[in-house]
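*Asks:* My questions all concern the structure below.
The values are calculated or read from the model by the stated rules, or taken from the named source; none is laboratory data. Please read these numbers as outputs of a predicted model, since none were measured by experiment. FYI the Cβ positions are ideal-geometry reconstructions off the backbone, even for glycines, and counts take in every protein chain you see.
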Amino acid sequence: MTRIDALPIHFDARVLEHDTGAALHETVPSPWFAANEAHTEGRLRIERMHDVLERGPVADAIRFAPGRLADEGELERVHDADYVAEVRRSIERGGGWVTATTRLAGGSYEPLLAAAGTALAAAETVLSGAAPMAYALTRPPGHHAQRAQADGYCFFNGAALAADAARQAGIERVLILDWDVHHGNGTQDIFYDRDDVLTVSMHMDHGAWGASHPQTGRLDERGSGRGEGFNQNVPLPLGAGNIAYLRAFDEVIAPLAERFKPGMIVCASGQDAGAYDPNGRHNVSMPGFRGMGARVRELADRYTGGRAILVQEGGYNPSYAPYCLLATVEGLLGTGSETPDPLAYVPDQTLGLDERFAELRAELSDARLERVAAAAR
């Protein structure tokens, strides 16, 4: 097992200044309420993630490291130049709603550059050999940002930038693992016709949601041209739970990694599959996230010399998502520490339904059914 003396957590406080304003969850405020809540993708979720890492049980095993601003030339390695310019011009005009869920503010450009640059800073830490793994704790998320389309709170794709940085550094094959609860359609779009980056997205089976997100996230989206077979979607039923996500690692990702033999792993690390997340409802709890972190570490030890770059994506319950991040980090560190889950109490039985219904069918013997029928006569 690769030794991690202190896991670098790259953070740039400028990302907190991206102001998503008031909203009805993630859309325009309702005129029927006297007071609206903050938009779901707000600064509090990242502030609390920072808190739990700084003050919680892994504090001695991590170190905070700086982010930086990306420049537009770097963004244009994965985004169209006209798109990057239009995002900047939209902000200069005062921002506004880009899609039904996605809002810019007049002061958002520097925070967006800081978000992208912080992902690149984490990549640079790993690629330079300064640490085997690094985590970019940043916002807004990025994995819905396509080559030329913002959506799902996302404008610039940090995981794609990190993967591209690895390729530019001479890494021949990069594996991207995305466990945000939503389909990583932006990352899929960026690498869809390439065979040097294998993208895997585990997500709720939500399908396409309009012109800004035409990808379905289903099995038939496999890549195109040279990239045929290098995009793997893992759509999961609502409420899939810990077992489903860990089986996806063991039964889908592990065989793909064995054949692909990546030189670097990049993770789009979202916690919105958490049991209490307003955007997720996938019933994943701390043991599930800890298990995913541990599996990333195992894959990195096996194929990449222990190297992995992780970029923060979703996670929108500010009370629970930070604990899910904490569990992810515990799995990455491999220290054996397991912080008790302060909230989740629902047993993960979602994939025991075959056995449960077999038991139920056994209960419904002909004799019992006849007794029920007799009671109704």
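*Asks:* If we scan region 227-249, do we find a residue that is without any contact (Cβ under 8 Å) to a residue 24 or more places away in the chain, farther than 30 Å from Val126 by Cα, in a loop (DSSP other than H, G, I, E, B) and not acidic (Asp, Glu)?
*Replies:* No: region 227-249 contains no residue that is without any contact (Cβ under 8 Å) to a residue 24 or more places away in the chain, farther than 30 Å from Val126 by Cα, in a loop (DSSP other than H, G, I, E, B) and not acidic (Asp, Glu).
*Asks:* Looking at Thr339, Thr328, can you tell me which residue is in a helix (DSSP H, G or I), polar (S, T, N, Q) and either at pLDDT 70 or above or closer than 24 Å to Ile243 by Cβ (or both)?
*Replies:* The match here is Thr328.
*Asks:* For residues in region 4-13 being part of a loop (DSSP other than H, G, I, E, B) and not small (Gly, Ala, Ser), which is nearest to Ala105 (Cα to Cα)?
*Replies:* Among residues in region 4-13 that are part of a loop (DSSP other than H, G, I, E, B) and not small (Gly, Ala, Ser), the one nearest to Ala105 (Cα to Cα) is Asp12.
*Asks:* Moving to a separate point now. What are the pairs, 6+ residues apart or on separate chains, where a residue within region 253-281 that is at pLDDT 95 or above has its Cβ under 8 Å from a residue that is assigned to a strand (DSSP E or B) and surrounded by fewer than 24 Cβ atoms within 10 Å (Cβ to Cβ)?
*Replies:* Ala273/Met204
*Asks:* For residues that are touching a residue at least 60 places away in the same chain (Cβ under 8 Å) and hydroxyl-bearing (Ser, Thr, Tyr), scanning just region 103-127, find the one that is farthest from Asn279 (Cα to Cα).
*Replies:* Out of the qualifying residues, it is Thr125.
*Asks:* Okay, moving on. Out of Arg68, Arg63, Arg88, Arg77, I need the residue that is of a type in the set (Lys, Arg) and either part of a helix (DSSP H, G or I) or modelled with pLDDT under 95 (or both). Which one?
*Replies:* Arg88
*Asks:* Quick one: what pairs do we get from region 144-157, first residue among the basic types (Lys, Arg), second surrounded by fewer than 21 Cβ atoms within 10 Å (Cβ to Cβ) and assigned to a loop (DSSP other than H, G, I, E, B), C-beta under 6 Å, 6+ apart or different chains?
*Replies:* Note: pairs meeting the criteria are Arg147/Asp80.
*Asks:* Would you be able to tell me the number of residues in region 141-153 that are crowded, with 24+ Cβ neighbours inside 10 Å and either within 14 Å of the chain's Cα centre (by Cα) or farther than 16 Å from Gly210 by Cβ (or both)?
*Replies:* Number of matching residues: 7.
*Asks:* Of all residues in region 14-41, count the ones that are in a loop (DSSP other than H, G, I, E, B) and under 21 Å from Pro141 (Cα atoms).
*Replies:* So the count comes out to 10.
*Asks:* Also, quick follow-up: Using the structure shown, decide if Leu161 is at pLDDT 95 or above, crowded, with 24+ Cβ neighbours inside 10 Å, farther than 27 Å from Gly293 by Cβ and not small (Gly, Ala, Ser).
*Replies:* Here the answer is no, as Leu161 does not meet what is asked.
*Asks:* Among the residues of region 200-213, count how many are touching a helix residue (DSSP H, G or I) at 6+ places or on another chain (Cβ under 8 Å) and farther than 21 Å from Ile253 by Cα.
*Replies:* Looking only at that region, the number is 1.
*Asks:* Got a sec? Which of Gly293, Gly223 is crowded, with 18+ Cβ neighbours inside 10 Å, touching a strand residue (DSSP E or B) at 6+ places or on another chain (Cβ under 9 Å), of a type outside the set (A, V, I, L, M) and on the phi > 0 side of the Ramachandran plot?
*Replies:* Gly223
*Asks:* Select, from Ala85, Ala100, Ala130, Ala169, the only residue that is farther than 29 Å from Gly263 by Cβ, surrounded by fewer than 21 Cβ atoms within 10 Å (Cβ to Cβ) and either touching a residue at least 24 places away in the same chain (Cβ under 8 Å) or in contact with a helix residue (DSSP H, G or I) (Cβ under 6 Å, 6 or more places away or on another chain) (or both).
*Replies:* Exactly one of Ala85, Ala100, Ala130, Ala169 is farther than 29 Å from Gly263 by Cβ, surrounded by fewer than 21 Cβ atoms within 10 Å (Cβ to Cβ) and either touching a residue at least 24 places away in the same chain (Cβ under 8 Å) or in contact with a helix residue (DSSP H, G or I) (Cβ under 6 Å, 6 or more places away or on another chain) (or both), namely Ala100.
The rows are residues; the columns are (1) under 25 Å from Ala131 (Cβ atoms); (2) over 11 Å from the mean Cα position of the chain (by Cα); (3) not in a loop (DSSP other than H, G, I, E, B).
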position: Pro262; (1), (2), (3): yes, yes, no
position: Asp272; (1), (2), (3): no, no, no
position: Tyr276; (1), (2), (3): no, yes, no
position: Asn279; (1), (2), (3): no, yes, no
position: Gly288; (1), (2), (3): no, yes, yes
position: Met292; (1), (2), (3): yes, yes, yes
position: Gly305; (1), (2), (3): yes, yes, no
position: Gly315; (1), (2), (3): yes, no, no
position: Pro322; (1), (2), (3): yes, yes, yes
